[in-house]
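Heads up: the structure comes next, in structure tokens.
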Amino acid sequence: MKKIRLCFATNNLHKLEEVRAILPAEIDLLSLQETGCREELPENQRSLEGNALEKASFVHQKFETDCFADDTGLEVEALGGEPGVDTAHYAGPERDAQKNMALLLNKLEGKTNRKACFRTIFCLVWQGETYSFEGRIEGEIAPEAKGSGGFGYDPVFIPHGYSQTFAELGPEIKNRLSHRAEACRQLAAFFKTAGIGKA
């Protein structure tokens, strides 16, 4: 079976595991480090779509490899869509998940509307063309962090139809439901229409 090399513009092992489980086996998915990229990727845009495209284009041009990048935002209705594009560094540039969650819970204190959604954008640069795929999941923010699984905001996000957080539900359920999984399924379907993987 011929393998097709594709870079996922991340070094986050959790993300790599999620995506590798969904993409066709014919795709040899490489991290940034495995591609040879050891520098910080540019994220200068004020939209998820813009950041994903900027990162994927940077890697594609510099390392001459087909690549896709993601950007994910948690959008909380009562906070006017915050943290949105600032999700990863909501509480500061150090991207500390515990501080981010603490700030979010503090801002929601006393608010009855806790509706939220996660959005993930995948931007793919493939054979000189660009494509984008969006995954979305609705839910709400828990009163407090619960669970030890997952990463990021998983301990405070309760997906619609469930009473537990992503961190409590575990990777099998999360990978089936999540925003990233949905975007990744669209990416996998794209490759299948291109003849890569089983239709």
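The values are calculated or read from the model by the stated rules, or taken from the named source; none is laboratory data. Predicted model, so just to flag it, every value in this text is computed and none were measured. Neighbour counts run over all protein chains shown; Cβ positions are idealised from the backbone, glycine included.
What are the residues in the stretch 3-24 that are surrounded by fewer than 18 Cβ atoms within 10 Å (Cβ to Cβ) and in contact with an Asp or Glu (Cβ under 7 Å, 6 or more places away or on another chain), if any?
Passing the criteria: LYS3, ILE4, ARG5.
Could you please tell me which pairs satisfy a Cβ distance under 9 Å, a separation of 6+ or placement on different chains, a first residue in the stretch 16-27 that is under 13 Å from PHE122 (Cβ atoms), and a second residue that is among the polar types (S, T, N, Q) and in a helix (DSSP H, G or I)?
Sorted first by the residue in the stretch 16-27, then by its partner, the pairs are GLU18/ASN175; ILE22/ASN175.
Taking the stretch 17-33 as the search range and keeping residues that are in a helix (DSSP H, G or I) and at pLDDT below 90, which one is farthest from ARG180 (Cα to Cα)?
Once the filter is applied, the top-ranked residue is GLU17.
Would you please name the residue that is farthest from the chain's Cα centre (by Cα), looking only at residues in the stretch 83-100 that are crowded, with 17+ Cβ neighbours inside 10 Å and outside any loop (DSSP other than H, G, I, E, B)?
Only one residue tops the list, namely ASN100.
Looking for something in contact with a Pro (Cβ under 9 Å, 6 or more places away or on another chain) and at pLDDT 95 or above - is there at least one such residue anywhere in the stretch 34-53?
yes
Determine which member of the set GLU49, GLU109, GLU94 is under 20 Å from ASN11 (Cα atoms) and out of contact with any strand residue (DSSP E or B) (no Cβ under 8 Å at 6 or more places or on another chain).
GLU94
Checking the conditions here, which among SER132, SER148 is surrounded by 14 or more Cβ atoms within 10 Å (Cβ to Cβ) and either among the polar types (S, T, N, Q) or over 17 Å from the mean Cα position of the chain (by Cα) (or both)?
Among SER132, SER148, only SER132 is surrounded by 14 or more Cβ atoms within 10 Å (Cβ to Cβ) and either among the polar types (S, T, N, Q) or over 17 Å from the mean Cα position of the chain (by Cα) (or both).
Where residues in the stretch 156-199 are in contact with a helix residue (DSSP H, G or I) (Cβ under 9 Å, 6 or more places away or on another chain) and of a type in the set (Ser, Thr, Tyr), which of them is surrounded by the fewest Cβ atoms within 10 Å (Cβ to Cβ)?
So, considering only residues that are in contact with a helix residue (DSSP H, G or I) (Cβ under 9 Å, 6 or more places away or on another chain) and of a type in the set (Ser, Thr, Tyr), the one surrounded by the fewest Cβ atoms within 10 Å (Cβ to Cβ) is TYR162.
Count, please, the residues in the stretch 34-55 that happen to be in a helix (DSSP H, G or I) and either within 20 Å of ASP86 (Cβ to Cβ) or basic (Lys, Arg) (or both).
Total satisfying the criteria: 8.
Do you know which residues across the stretch 30-56 are out of contact with any Phe, Trp or Tyr (no Cβ under 7 Å at 6 or more places or on another chain), among the polar types (S, T, N, Q) and surrounded by 13 or more Cβ atoms within 10 Å (Cβ to Cβ)?
Those that are out of contact with any Phe, Trp or Tyr (no Cβ under 7 Å at 6 or more places or on another chain), among the polar types (S, T, N, Q) and surrounded by 13 or more Cβ atoms within 10 Å (Cβ to Cβ): GLN45, SER47, ASN51.
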